[in-house]
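In what follows, a single structure is set out as structure tokens and then discussed.
The values are calculated or read from the model by the stated rules, or taken from the named source; none is laboratory data. If you're wondering where the values come from, they're calculated on a predicted model, not measured in any experiment. All Cβ positions, even for glycine, are placed from backbone atoms using ideal geometry, and neighbour counts span all protein chains on display.
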Amino acid sequence: MIDIRRIFTHVEQIHHEFGPVAATPLLRGAIGVVLTNPFAGRYEPDLLPMMNALQPLGIDMAERLRAAMGVPAQSIEGYGKGAIVGSAGEQEHGAMWHVPGGYAMRELLGWKGDRQAYAQGQGEAKTGQPGNALAIVPSTKKVGAPGTTLDVPLTHINASYVRSHFDAIEVRVSGAPLADEIVFILAMSTGPRVHARMAGLAATGISQWDGLR
Amino acid sequence: MPAKIRKIIVQLDETRIEMGRSISPPTRKALAMAVIENPFAGQYTENLDALIAIGEELGALLGQRCVEALGIEPGQAQSYGKAAIVGEAGELEHAAAILHPKLGAPLRIAVEKGAALVPSSKKRGGLGTAIDVPLGHKDAAFVRSHFDAMEARVADAPRANEIVVAVVVTDGGRPLPRVGGLQVHEIQGKDGLR
């Protein structure tokens with residue numbers, strides 16, 4: 001069911017944006033996997049088997065991205081995901097990545113939650129800091145022509161409301177997706193925007209450990 | 001000091017057929033964009049309060065324009081999102097100043113409630129740059145049928161000293177949602193997640 005044509009990895013290092021030079025450059029990375037869309041050209045009501053079949057791919061892509069960024073999992077502070085579906089597919093084909101892409105990244109980064117409950121959209125009771133990667137992985141998706149860009153949102157992995165970490169990375173895989181393909185994307189970052197100065201909730205102020213604050 | 005608005009653009013995107021299936025009622029997304037002058041273009045400024053105030057002004061203006069375009073009661077809005085494109089003489093933090101401290105509250109009034117975080121994206125670019133505005137259910141971020149996005153673009157903006165600010169409001173989720181997860185009818189709507 002899973003036929004991968006290409007894997008595209010992008011890593012950038014940001015030193016400044018015409019303000020004070022960062023002591024530690026910000027790293028941002030994205031990985032796009034180009035694969036055949038098994039449902040291209042037809043309406044398939046049951047997308048769940050494919051969604052499940054994508055789980056190992058999600059785990060593999062998350063680890064490849066982390067390795068490409070050359071940092072340990074503990075250094076990852078922001079994440080996001082996305083999908084670009086080729087023109088013979090539909091928007092919903094992009095939605096197949098929510099569970100396998102999101103869960104894989106969170107597990108890589110130290111999430112200790114209940115995978116079944118997560119897949120079913122249920123919450124879990126939490127107190128204190130129960131592991132890492134507590135927050136929802138933000139996302140975008142679109143149907144587009146080869147070389148379409150997608151802006152993938154990034155938010156803090158433990159508390160979505162950490163203001164310094166609201167960001168986005170523009171991702172594009174030249175020549176993909178073809179009409180019968182999908183590009184599934186994961187993104188990670190190692191810190192706040194390089195000149196973040198909007199106050200609000202800081203990473204050091206996380207206290208609820210509910211994935212929001 | 002109110003924003004110096006060069007243009008306002010409103011779009012309504014209505015999907016009636018998806019993959020050969022009729023979508024009834026059509027799923028609809030409204031996008032409202034303002035092209036404004038960037039008061040801090042070309043200089044590094046520590047205090048961005050003027051842009052924070054502009055964020056509050058535009059959250060109301062653009063949120064209201066979206067709801068008007070949809071022709072719905074504010075409470076019928078289902079998901080939202082926001083984004084900004086900073087012109088070449090600006091910095092990303094100018095977008096952050098507009099989007100994050102004060103834009104959310106008036107946007108939530110325009111859609112009546114909104115317990116959930118307003119998803120966002122930002123970038124820098126030239127005229128005609130497109131940005132994908134991420135969308136999520138306004139009361140419960142984990143409602144899977146409502147994870148979506150809408151592309152926003154103004155052909156002649158932003159110029160180097162401008163910023164494009166975009167707000168999207170919808171009255172539904174994706175056209176043919178079928179990947180499970182938290183459903184709309186399961187929403188409790190208190191913690192903004194579920």
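Within the stretch A:39-53, the only residue that satisfies the criterion of being acidic (Asp, Glu) and at the interface with chain B (Cβ under 8 Å from one of its Cβ atoms) is A:ASP46. Being away from chain B (no Cβ under 14 Å), assigned to a helix (DSSP H, G or I) and modelled with pLDDT of 95 or more: is that true of A:LEU65 here? Considered against the rule, which asks whether it is away from chain B (no Cβ under 14 Å), assigned to a helix (DSSP H, G or I) and modelled with pLDDT of 95 or more, A:LEU65 comes out as yes. Residues of the stretch B:154-194 that are assigned to a loop (DSSP other than H, G, I, E, B), more than 7 Å from chain A (Cβ to nearest Cβ) and under 28 Å from A:TYR43 (Cβ atoms): B:ASP171, B:GLY172, B:GLY173, B:GLN183, B:ILE187. The sole residue among A:GLN120, A:GLN91 that is out of contact with any Phe, Trp or Tyr (no Cβ under 6 Å at 6 or more places or on another chain) and modelled with pLDDT under 90 is A:GLN120. Looking at the structure I just gave you, is A:SER164 within 13 Å of chain B (Cβ to nearest Cβ), of a type in the set (S, T, N, Q) and touching a Pro at 6+ places or on another chain (Cβ under 6 Å)? Answer is yes for this residue. Yes or no: the stretch B:66-81 includes at least one residue that is of a type in the set (D, E, K, R), farther than 26 Å from B:GLU186 by Cα and away from chain A (no Cβ under 14 Å). Checking the stretch B:66-81: at least one residue is of a type in the set (D, E, K, R), farther than 26 Å from B:GLU186 by Cα and away from chain A (no Cβ under 14 Å).
As a summary of the residue check, B:LEU182 satisfies the conditions (1) modelled with pLDDT of 95 or more; (2) closer than 18 Å to B:LEU127 by Cα except for the one numbered (2).
Per the listing A:ALA145, A:ALA159, A:ALA176, A:ALA187, the residue uniquely surrounded by fewer than 19 Cβ atoms within 10 Å (Cβ to Cβ) and at pLDDT 95 or above is A:ALA145. One residue stands out among those in the stretch B:106-135 that are within 13 Å of chain A (Cβ to nearest Cβ), among the small types (Gly, Ala, Ser) and not in a loop (DSSP other than H, G, I, E, B): the one that is surrounded by the most Cβ atoms within 10 Å (Cβ to Cβ), which is B:SER121. Tell me whether the stretch A:27-38 contains one or more residues that are away from chain B (no Cβ under 13 Å), assigned to a helix (DSSP H, G or I) and of a type in the set (Ser, Thr, Tyr). No, there is no match, as no residue in the stretch A:27-38 is away from chain B (no Cβ under 13 Å), assigned to a helix (DSSP H, G or I) and of a type in the set (Ser, Thr, Tyr).
Going by the structure shown, is B:GLY87 on the phi > 0 side of the Ramachandran plot and either buried (at least 19 other Cβ atoms within 10 Å of the Cβ) or within 11 Å of chain A (Cβ to nearest Cβ) (or both)? Answer is no for this residue.
Conditions (1) out of contact with any Lys or Arg (no Cβ under 6 Å at 6 or more places or on another chain); (2) surrounded by 24 or more Cβ atoms within 10 Å (Cβ to Cβ), marked per residue:
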position: B:LEU12; (1), (2): yes, no
position: B:ILE23; (1), (2): no, no
position: B:PRO26; (1), (2): no, no
position: B:VAL35; (1), (2): no, no
position: B:TYR44; (1), (2): yes, no
position: B:GLU73; (1), (2): yes, no
position: B:TYR80; (1), (2): no, yes
